[in-house]
Structure formats: C-alpha cells, structure tokens
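Throughout, read-outs are computed from the coordinates displayed, never taken from laboratory work. Computed from a prediction, not measured in an experiment: that's the story for all the values here. Note: ideal-geometry Cβ built from the backbone for every residue, glycine included; neighbour counts use all protein chains shown.
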Amino acid sequence: MSRDLSVAIGGLRLSNPIIAASGCFGYGLEYADLVDLSRLGGIAVKGLFLEEREGHPPPRIVETPSGMLNAIGLQGIGVRRFVTEKLPPLRNLGATVLVNICGSSVEEYAEIARILDDAEGVGALELNISCPNIEAGGMMFGCSLQGTHQVVAAVRRVTRLPVIPKLTPNVTDVASFAVAARDAGADGVSLVNTFLAMAIDVETRRPKLSNGMGGLSGPAIRPIAVRMVHQCRQAVDIPIIGMGGIASAGDVLEFMIAGATAVQVGTASFVDPLIWERLIDGVERYLDRHGMRAADLVGSLEFGERDAAWNSSS
Ligand SMILES: Cc1cc2nc3c(=O)[nH]c(=O)nc-3n(C[C@H](O)[C@H](O)[C@H](O)COP(=O)(O)O)c2cc1C
C-alpha cells in the first residue's frame, strides 16, 4: 500500500516533501522535457528581483571537495517577465511553484510580493534574505534580526500567500532568526542557503571566482544544515523546509526527522537531473516499511539518555 506523502507548509499543500531548490532548477520549464514537473512536491524558481539582472561575469562556479562554490550573482529575468512568460506554462504543467524573491530594499521585496500576489499560480513566496554573493540585499537583511523581521513583516502586509523567508547559515545562532521570522508573521522558514566561502588558484594567486567569494553547497554542508534544522525545530513550531547537500532518500529522511516538513534539493540535481523519482520512491518505501505518513516523520528524532545529556549541554 502506498503511504501518504503529502505535507503542508502554511496553506500550501505539497503532494510530497521534495522540492527543487532555487537557483538549481532554473524556472522549472528548462527541465519540462525530462521531468514531470507535477510529480515534484514543488519547484522553488531562480531568485527574482523587480528588474532583470545579468549576474556576475564568469567564472561563477568552482568544484570543491564534496560540494561546489557559486557566485552567480542572482542573474534573472525580473518578476514581470516571470509572471507573463514562465508562470502560465508552469501552471499548465501542474507545477507547485514557490517563487524565490530578492530585494535591495525592504520596499523592493514588498513590491515584488504585491505583483506576485495578483498573479495566478503562485504557491508561496520564498524570501531570499540570505544570498552570500551579492552586495545589496541578500545577507544584509538575513544577518540582522531586525532586517529579517522588517522584510518578513513588509511582505506579510501585502500578501495572503504563504511567506517563507530563507535563512542564512552564516550566523552564530540560526534559531534566533527563525524566531524573528515567525514573530514577523512567516508561515514557515527554509534553510540553509549557501555558506560564504572562497577558493584560490595557487598558480595565479587569484580567487577562482570572479566575485572573489561565493556560496558553498552540496554534501559537504549537510551535517551543519541538519544541525541547524534541528535547532530551529526546537525554537519554533512553524514548518521548516530543510536543505543542504541532500543527495539520497536517506538524506531527505534525515532532514525530516530533524524537523523539516519538506526539503529542497539543489547541487545533487546537477549531478543527476533525474534524481527526483529516486528520492520520492525511496521516501515512499521507507514510509511503507515503517507504516508512517510523511507528516509523522517530521521532528520525530528520538533521544536516548546519552543523547539527552548531549542535547541539554548544547
Ligand atoms: C548555482 C546555485 C544558484 C543558487 N541560486 C539561488 C537563488 O537564486 N536563490 C536562493 O535562495 N538560493 C539559491 N541557491 C542556494 C540553493 O537554493 C540551496 O539553498 C543551497 O545550494 C543548498 O542546497 P544544496 O546543497 O542541495 O545545493 C543557489 C545555489 C546554487 C548552487
């Protein structure tokens, strides 16, 4: 018997907990010939500003041990073109769309949210307040509790869509940012964005990325991301979308047991663009084996005596 894979993030119902991560799946349509977009729990589309952006010049991607470093610089077509060119076909293909939005000011986030609130076919707004490789916006808001609160509250005021700020791991106490987001009216939080990082070409003694620094993603960051999801789960009871290095069904389960209601998969889909069925099937088989629904798994982490001692001292 097949188990119930559906989960809910605020008012957004997902048929399964597996979402394509922002920036790693384009606007979804690029993959429509390969992947049945309606099979995915959701698609978080590439981050959008109000206007089109070119992003940084190459090189923008560098391979690292068990991960990759990127500094794309949020290249994108701008929210209005997204609404007219991308949303209608996404809707026709039955995709559940989370729109990842960026801003250089609180007002820009709110303006983009207003435009998307009027559009048909948007499932939720994911607020990118955590991009490590742009100058204005991004981590400027996500590394400040006040900035996080301001952006979430401003967007909350102009939309009834689920609002999901995406938190940066580049802070000491990520859980306090989840609390700030919840207090400002967020329906959930997603984490983690990439870790600020750097790679140097020793022959030229220059940074390998044109931007100097970039964001680290992939399996290398997974245990840190799992820890952060666990900490946020203990601090807030709004839904969490967890991500960072997920490459197998076991990784999905790990994030969900730590407290994620759903997950996103980014870097691993560059290695295997057809990863989705493997992940969904693996989670379904696990749920069958354990006689559970996906929702039962969320935050089901067990602590023995040894673990409880560790947890209280942390
Ligand atoms: C090439 C690339 C582009 C990304 N672009 C965005 C973006 O536009 N908005 C965003 O919120 N996160 C972006 N991210 C971060 C991912 O959505 C995700 O948070 C991060 O990569 C960790 O997940 P992963 O290890 O599965 O890739 C990007 C990541 C990569 C590798």
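Structure data summary
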| item | result |
| --- | --- |
| Full-extension gain in nm, Leu34 to Arg285, via 0.36 nm per residue minus C-alpha separation | 88.0 nm |
| Residue with peak Gaussian network fluctuation, the chain [Cα springs, cutoff 10 Å], from Ile61, Ile115, Ile200 | Ile200 |
| Helical mean residue ellipticity (222 nm; -39500 (n - 2.57) per DSSP H run of 4+; nearest 500) of the chain | -9500 deg cm²/dmol |
| Proxy reagent accessibility, fewest Cβ within 10 Å first, across Thr96, Thr84, Thr148 | Thr84, Thr96, Thr148 |
| Full-extension gain in nm, Asp237 to Glu63, via 0.36 nm per residue minus C-alpha separation | 59.0 nm |
| Rel. contact order, % - alpha carbon contacts under 8 angstrom, at least six apart, the stretch 207-314 | 25 |
| GluC sites (Glu not before Pro) restricted to the stretch 102-150 and DSSP loop, no more than 10 other C-beta within 10 Å | Glu120, Glu135 |
| Residue exposure sequence - Phe255, Phe195 - by fewest surrounding Cβ within 10 Å | Phe195, Phe255 |
| The chain: most fluctuating residue of Met68, Met292, Met228 per GNM, C-alpha cutoff 10 Å | Met292 |
| Cα-based shape type of the chain, given that a ≥ b ≥ c are square roots of the gyration tensor eigenvalues and the cut on a/c is 1.5 | rounded |
| Near-label residues of the stretch 180-224 by backbone N, under 15 Å of a point 7 Å along Cα→Cβ of Glu135 | 211-213 |
| Most mobile listed residue (Asp117, Asp251, Asp33) in the chain, GNM with C-alpha springs under 10 Å | Asp33 |
| Normalised contact order of the chain, rounded percent, pairs of Cα under 8 Å and 6 or more residues apart | 19 |
| Shape call, the stretch 1-48: gyration tensor on alpha carbons, a/c limit 1.5 | oblate |
| DSSP bridge orientation in the chain - percent antiparallel, rounded to nearest 5 | 40 |
